[in-house]
Amino acid sequence: MTIIDGKKISDEIKLEIKTEVDELLAKGYKRPHLAAVLVGNDGGSITYVNHKVKACEQVGFKSTLIKFNDNITQHELLECVKKLNNDSDIDGFIVQLPLPVHIAECVIIEAIDPKKDVDGFHPENFGRMSIGLPSFVSATPFGIVELLKRYKIPTNGKHCVVLGRSNIVGRPISILMSQKGIDATVTVAHSRTENLAEVCKSADILIAAIGSSEFVKANMVKEGAVVIDVGTTRIKSETTSCWKLYGDVKFDEVAPKCSFITPVPGGVGPMTIVSLLRNTLLAAKNKKCL
Ligand code: GUN
């Protein structure tokens, strides 16, 4: 059993990005610039956005963090998106999700200029990704595919079960896994799937993105399977009052059955961040037509 080291791979990719940034700067181009919009005080969102900003520094990007209280109106947030769309210094930006319930996420996402949509959430990017055209691929699915590639995990003809159907992870990774070059046979399973444990157990590659801590138990996993854990449930410890991150997979009992497994933390998470950086570099290069 191999534990997939997402931190190590993401560090390698950061070095690759930094090298490209240095080359751009040497040619007289400006630093790629990512902006992140954060609404409200959700602890998880604050942590993720801070990681994204820190990662920008590590590869030599410029970053701008824009914070709003959770009483911001949809109209005000749309104005911010328009400003970022029109700011020629910004190559790409993200609006961290989830947003407060009074703001329609789809309205905000559709207002983002697809050329700056480095999250790949805009329907234009999602649609282009779905039919295999060049696009921004959303960061977590992009990171998972890269992990599989760098660990040379065979996918051709394998049965991949994606547990979860969110727009951010489950849906896009299910599309990517069936695309030419990856060539898996994909089943999308979710909370309404009948015989869910059996469906999961039929997977050669199980991608758990259901958002429920330690949902996947040993009896749901085939001997020798590859298990990719996308879960990031933060739970406060009763004793220390520190937050702990839990995956969607009960790691200790599932890992011994696997050929490969990602840990939480240190698996998919760092790859999500580095994939956002890759998309930002791509946005900067697209703008300059390099
Ligand atoms: N919330 C959870 N994951 C993501 C992500 O990849 N991008 C944004 N913008 N929000 C998220």
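All of the numbers you see were taken from the coordinates with simple rules; none came from a lab. In this text the structure is predicted, and so the values were computed from the model without any measurement. Here Cβ is always computed from backbone atoms with ideal geometry, including for glycine, and neighbour counts include all displayed protein chains.
Scanning region 236-252 for residues that are within 24 Å of ALA197 (Cα to Cα) and surrounded by 11 or more Cβ atoms within 10 Å (Cβ to Cβ) turns up LEU245, TYR246, GLY247, ASP248, VAL249, LYS250, PHE251. Identify the single condition in (1) of a type in the set (Gly, Ala, Ser); (2) within 15 Å of the ligand (Cβ to nearest atom); (3) part of a helix (DSSP H, G or I) that GLY211 does not satisfy, given that it satisfies every other one. Result: GLY211 passes all but (3). Restricting ALA209, ALA184 to those that are of a type outside the set (Phe, Trp, Tyr), buried (at least 19 other Cβ atoms within 10 Å of the Cβ) and over 19 Å from the mean Cα position of the chain (by Cα) reduces the list to ALA184.
With the structure loaded, tell me whether PRO98 is within 13 Å of the ligand (Cβ to nearest atom) and more than 21 Å from ALA284 (Cβ to Cβ) or whether it fails that test. The answer is yes for PRO98. Total residues in region 275-286 satisfying the condition of being within 13 Å of the chain's Cα centre (by Cα) and either away from the ligand (no atom under 15 Å from the Cβ) or under 14 Å from GLU20 (Cα atoms) (or both): the figure is 3.
In region 154-169, which residue that is under 20 Å from LYS222 (Cβ atoms) and out of contact with any helix residue (DSSP H, G or I) (no Cβ under 8 Å at 6 or more places or on another chain) is surrounded by the most Cβ atoms within 10 Å (Cβ to Cβ)?
LYS158
Can you find a residue that is out of contact with any Ser or Thr (no Cβ under 9 Å at 6 or more places or on another chain), under 30 Å from PRO134 (Cβ atoms) and charged (D, E, K, R) anywhere in region 236-254? Looking for residues that are out of contact with any Ser or Thr (no Cβ under 9 Å at 6 or more places or on another chain), under 30 Å from PRO134 (Cβ atoms) and charged (D, E, K, R), one finds none in region 236-254, hence no.
Residues in region 81-93 include at least one that is β-branched (Val, Ile, Thr) and in contact with a helix residue (DSSP H, G or I) (Cβ under 9 Å, 6 or more places away or on another chain).
For region 187-206, the set of residues classified as among the polar types (S, T, N, Q) and either loosely packed, with under 14 Cβ neighbours inside 10 Å or assigned to a loop (DSSP other than H, G, I, E, B) (or both) consists of SER191, THR193, ASN195, SER202, listed by residue number. Based on what the data block shows, is ILE94 surrounded by 13 or more Cβ atoms within 10 Å (Cβ to Cβ), farther than 27 Å from SER241 by Cα, without any contact (Cβ under 8 Å) to a residue 40 or more places away in the chain and out of contact with any Cys (no Cβ under 7 Å at 6 or more places or on another chain)? Taking the combined requirement at face value, the residue does not satisfy it.
Cβ-Cβ distances below 9 Å connect the following pairs, each with a first residue in region 212-237 that is aromatic (Phe, Trp, Tyr), a second residue that is crowded, with 24+ Cβ neighbours inside 10 Å and outside any loop (DSSP other than H, G, I, E, B), and a separation of six or more residues or different chains: PHE215/LEU163; PHE215/ALA208; PHE215/VAL249. Between GLY44, GLY92, the distinction of being within 11 Å of the ligand (Cβ to nearest atom) and within 18 Å of ALA139 (Cβ to Cβ) belongs to GLY44 only. Quick check: anything in region 257-268 closer than 30 Å to ARG31 by Cβ and crowded, with 24+ Cβ neighbours inside 10 Å? The answer is yes; a qualifying residue exists. Considered as a group, the residues in region 108-150 that are within 12 Å of the ligand (Cβ to nearest atom) and polar (S, T, N, Q) include one that is nearest to the chain's Cα centre (by Cα), and that residue is THR140.
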